[in-house]
Amino acid sequence: MQATDRLRPIHGGNRQWAASLAGIAPESILDFSASINPLGPPKSAIAAIHAHLTELNHYPDPEYTLLRQALGNFHQLSPDWVLAGNGVAELLTWVGRDLSQLSATVLFTPAFTDYYRALKTFDCQVESYPLLSKDESFAINAELPKIANSHTKGILINNPHNPTGYLFSRDSILPYLEQFSLVVIDEAFMDFLTPEQQQSLIDLVPSHPNLVILRSLTKFYSLPALRLGYAIAHPERLQRWQAWRDPWCVNSLAAAAGIAVIEDVEFQQQTWTWLELAKSQLFTGLSQISGLNPLPNAANYLLVQTEIAGSLLQKQLLQSDHILIRDCLSFPELGDRYFRVAVRLENENERLIESLQRFALS
């Protein structure tokens, strides 16, 4: 096994690994592997960061009062129902600890790799239910599964689903609120849908103590280096998580940026307008390439069936054109039959399409 295979990342966006593989500088890479909004960071975030640089000699507010108030206002909730985190990844750790108290945790597979990390940390028993149709054509099963003895179990769902981008309807998830002891919905990519399209269950949290919603502020607002996410759940649960974790998990600059972007209506509308056109362009372009089959979805990325091994395409694109796509080897159910690409700016999407066309013709 080559060193690059042993070090192959399980997440997108690892430019350092890709740069070492291609023998180029990380900044030379056009990154389609991480599903981050290419329009950002918003000017509002940059301005807020600059305005708070003078506060670097002070500790952050350990309660993140202003950030929680801003998020609470955005979702029309009391700030007591909001907990800011060092990205969704940190919050998943405390999800894992709560789920470990139950008999099992249900996952729909393929599942986001970090779920396994969080669940394994606390020795959770995992029950997997495939979204794939039996013939592996990747049609999503028409009905979500009925799960036996679910009252003693938890369920962890991301919506839209990663890596497929499939959007579960509110109605399809609602029965689980009555069936499971704990329902955790990771809505990290929900912001990319317009308010009319979203299928969020945030409004149901006050009436369901067993419901937890996770949201990211780094993907939609293009701030992954700041690490910022939040949980919406019953205050008693969030107080318990706060007691478990290290102090000052969110830095002051991230908190300031979060307050600014959540109110940036102009950037939000700009993103929805860009995504509708750019995603259509990318989907159409990939559909016209022999051997590729992009799957329709609701997210800002596309999962693509491929007749050429996804890891081979990744290596060839990186070395020849300095383009990084996301292979799917970390999803055992997908393997080398698929790759995933983020939707980027139109000229960047065209560059990817042209590169893939060359490989299809060679």
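Taken together, the values in this text are just the output of simple stated rules run on the coordinates, not laboratory data. Please read all numbers here as calculations on a predicted model, not as lab measurements. Glycine gets a Cβ as well: all are built from the backbone with ideal geometry, and neighbour counts include every protein chain shown.
The table for this structure:
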| quantity | calculated |
| --- | --- |
| Modelled FRET efficiency - R0 41 Å, Thr109 with Glu63, Cβ distances, 0.05 increments | 0.65 |
| Greater than 25 Å apart at Cα, pairs in Lys43/Lys279; Lys43/Lys219; Lys146/Lys219; Lys120/Lys279 | Lys146/Lys219; Lys120/Lys279 |
| Mean Cβ neighbour count within 10 Å, used as a protection proxy, ranking 36-47, 284-295 highest first | 36-47, 284-295 |
| √(5λ) per eigenvalue of the Cα gyration tensor, region 54-264, largest first, Å | 29, 19, 16 |
| By average C-beta atoms within 10 angstrom, highest first, the peptides 145-158, 51-64 | 145-158, 51-64 |
| Point-charge dipole on Cβ atoms (K/R +1, D/E -1) for region 54-264, about Cα centre, debye to 20 | 440 |
| Value of [θ]222 nm, deg cm²/dmol, for the chain, DSSP H segments ≥ 4, -39500 (n - 2.57) each, nearest 500 | -11500 deg cm²/dmol |
| Dipole-positive endmost among Trp248, Ser181, Pro206 within region 54-264 (Cβ charges, Cα centre) | Ser181 |
| Length added when fully stretched, Ala309-Ala89, from 0.36 nm per residue minus Cα-Cα | 76.3 nm |
| Only Lys, Arg (+1) and Asp, Glu (-1) charged, at Cβ; the chain dipole about Cα centre in debye | 640 |
| Which label in (i) 20.4, 60; (ii) 21.5, 68; (iii) 38.7, 123 gives the computed Rg and Dmax of the Cα atoms in Å | (i) |
| Descending Cα extents along the principal axes, region 14-90, whole Å | 49, 29, 24 |
| Exposure proxy order (Cβ contacts within 10 Å, fewest to most) of Ile262, Ile24, Ile213 | Ile24, Ile262, Ile213 |
